[in-house]
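Structure first, commentary second.
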Amino acid sequence: MIDLIPFTDTRVIGLRISGKVRKEQYAEIEKICDERLKIHPKLRIYCEFHNFKGITLPALMEDIRYSLPNLTRFEKEALVADKGWITKFAEIGNKVFHSIDVKHFLPEEKEDAFAWIQE
């Protein structure tokens, strides 16, 4: 499941991700990204993971299909999670995708993540 987290800064798209993510859930997020990209040249993503159970293969393929052509249009991504693999994901993301600054925060650092994504 993906729920939106409101931000006053319209460059930031806030997401609360829980359970198993499915392809159908990406349509709303893509629509929001497309609308905001009409206003801002670059966007920022804030993600909180709660009881995350993974992502289906069709959802992963949809994410890749949308994200790869738009990589340079995203400048920051804050990942808030207590999962150790998220730290590795952020490190790999920073090495592979130089246009995006990806940073992992623990749940108790959520306020720092909110501040960082809006700097």
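What follows is calculated from the coordinates using simple rules that are stated; it is not laboratory data. Just so it is clear, the structure is predicted and the values come from calculations on it, not from any experiment. Heads up, the Cβs are rebuilt from the backbone with ideal geometry, glycines too, and the neighbour counts pull from every protein chain shown.
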* Asked: Excluding same-chain residues fewer than 8 positions from Lys88, which lysines have a Cα within less than 19 Å of its Cα?
  -> Lys53, Lys76, Lys103, Lys110
* Structure fact -> Of the candidates Leu60, Phe49, Ile86, the farthest towards the positive dipole end of the chain (Lys/Arg Cβ +1, Asp/Glu Cβ -1, centred on the Cα centre) is Leu60
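Work out the length of the dipole vector of the chain about its Cα centre, built from +1 on the beta-carbon of each Lys and Arg and -1 on the beta-carbon of each Asp and Glu, and round it to the nearest 20 debye. Could the numbers behind the result be given before it?
Numbers: 19 positive and 20 negative charges, 82 e Å.
Charge dipole of the chain: 400 debye, to the nearest 20.
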* Structure fact -> The ³J(HN,Hα) series, computed from each phi in segment 27-34 with the Karplus coefficients 6.51, -1.76 and 1.60 at θ = phi - 60°, rounded to the nearest Hz and given as x for glycine or proline, is 4, 5, 5, 4, 4, 5, 4, 4
* **Placed amide H near Ile5: partners under 5 Å, 5+ positions off or other chain** => Gly14, Leu15, Arg16
* **Under-5 Å amide H pairs with Leu43, H placed in peptide plane, nonlocal only** => Phe74, Glu75
* Structure fact -> Counting sequence-distant residues (5 or more places) and residues on other chains, those with an amide H built under 5 Å from that of Val80 are Cys47, Glu48, Phe49, Phe105
* Report Rg/Rh for the chain, rounded to two decimals, where Rg is the Cα radius of gyration and Rh the Kirkwood radius. => 0.92
